[in-house]
Amino acid sequence: MRERLVVGNWKMNPPNIADAVELARAVAARPHGGVVVGVAPPTIALAAVADALRGRDIAVYAQDVHWEERGAFTSQIAASMLRGLATGTIVGHSEVRRDQCDDDARVAKKLARVAESGLRPLLCVGESAAEHGAGDATAVVARQIELDLAGASRRGLERLVVAYEPIWAIGTGNPATADHASAAARAVRAALKRAGLDADIVPVLYGGSVSARSVAEFAKADGIDGALVGGASLDPDEFAAIVRAFG
Ligand code: 13P
């Protein structure tokens, strides 16, 4: 049985550190029925959230990381800086690909650094609206997996998590169908196998307009082991309902 995992990606939403801590406490206070739960606060709130969740069974993730160990990289966060604060980090989120010009070569360097650092990598892949319209979704995610894993040691990827997040479904209120997500998960696992990984143990999450209303079909979708939740993770009751759906 693969691990069932639900992570809330808070993006740039909690307006300040105190609000992020309050949200973290609210998430921790709700039952999660055996499902592994994680939260990814904004970087500035990582330390305070990690502190608030110490001793609780909620994993803390960073939203991104730089590929270099240290140096003249203004504004960036190194993997070593996350030690003690985060158990893992998101890499390759489509908003970072879009806003910070991350291409697969940069994502590959980040993933390699995360794998080497002992942090748990949560790699995001997913097709654009145009690629979706052209029927290229599975080819796009397979190619992303191939390119993004190119430089990482296989040992460092033993705890890899992949989130399939079709870009056209993020923040639109228009999630993919469960069948579409399952087909993408199959393509992800086939690509992981080609890259030499034991794909059967890698949790594949679905992300893109997951809500308490839409979660049920993903919770029973073949090959989908959890969710990466954006907007709905900001409401602790709705997030708890999404978590429990995977229990
Ligand atoms: P939404 O759940 O707001 O669509 O965001 C999904 C996402 O990008 C999570 O990383």
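The values are calculated or read from the model by the stated rules, or taken from the named source; none is laboratory data. Since the structure is predicted, the reported quantities are computational estimates derived from the model, not experimental observations. For neighbour counting, all protein chains shown are included, and Cβ atoms are generated from backbone atoms with ideal geometry for every residue, glycine included. For the accessible areas, the whole protein counts, side chains as well, though only heavy atoms, and no ligand, DNA or RNA atoms are used. Shrake-Rupley method; radii C 1.70, N 1.55, O 1.52, S 1.80 Å.
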message: Could you work out what % of the accessible surface of the chain is carbon and sulfur, using a 1.4 angstrom probe and leaving DNA, RNA and ligands out of the count?
response: 51 percent
- prompt: Residues with amide H under 5 Å of V91's amide H, sequence separation 5 or more or different chain, H placed in the peptide plane at 1.01 Å from N; which?
  reply: L122, L123, C124
- request: Starting from the amide H of V60, placed 1.01 Å from N in the peptide plane, find each other amide H under 5 Å away whose residue is 5 or more places distant or on another chain.
  value: V39, T87, G88
- prompt: Using Cα pairs under 8 angstrom and six or more residues apart, how large is the relative contact order of region 107-218, in percent?
  reply: 32 percent
D103 paired with A190, simple spin-label distance in nm, labels 7 Å along Cα-to-beta-carbon: 2.6 nm
task: List every residue whose amide H lies under 5 Å from the amide H of V229, counting only residues 5 or more places away in sequence or on a different chain, with H placed 1.01 Å from N in the peptide plane.
output: V7, G8, N9
query: Within the chain, which complete DSSP H helices have Cα atoms spanning at least 15 Å along the helix axis and a mean Kyte-Doolittle hydropathy of -0.5 or higher?
result: 17-29, 104-117, 137-148, 178-194
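Determine the calculated [θ] at 222 nm for the chain from helices alone, applying -39500 (n - 2.57) to every DSSP H run no shorter than 4 residues and normalising by the residue count; nearest 500 deg cm²/dmol.
Working: 10 runs with 93 residues, N = 247.
Rounded to the nearest 500, it is -11000 deg cm²/dmol.
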- request: Give, in nm to one decimal, the length gained when the segment between D237 and T74 is fully stretched (0.36 nm per residue of separation minus the Cα-Cα distance).
  value: 55.0 nm
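Using alpha-carbon pairs under 8 Å, 6+ residues apart, how would you state the relative contact order of the chain in percent?
Over the chain, the number comes to 23 percent.
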message: Give me the percent relative contact order of region 156-205, please, defined on Cα pairs under 8 angstrom at least 6 residues apart.
response: 57 percent
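What accessible area per residue comes out for the chain, rounded to a whole number of Å², with a 1.4 Å probe? Can you show the working numbers first?
On the way: 10760 Å² over 247 residues.
Per residue, the chain has 44 Å² of solvent-accessible surface.
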statement: For K193, counting only lysines whose alpha-carbon sits under 30 Å away and dropping same-chain residues fewer than eight positions off, the answer is K109, K110, K220
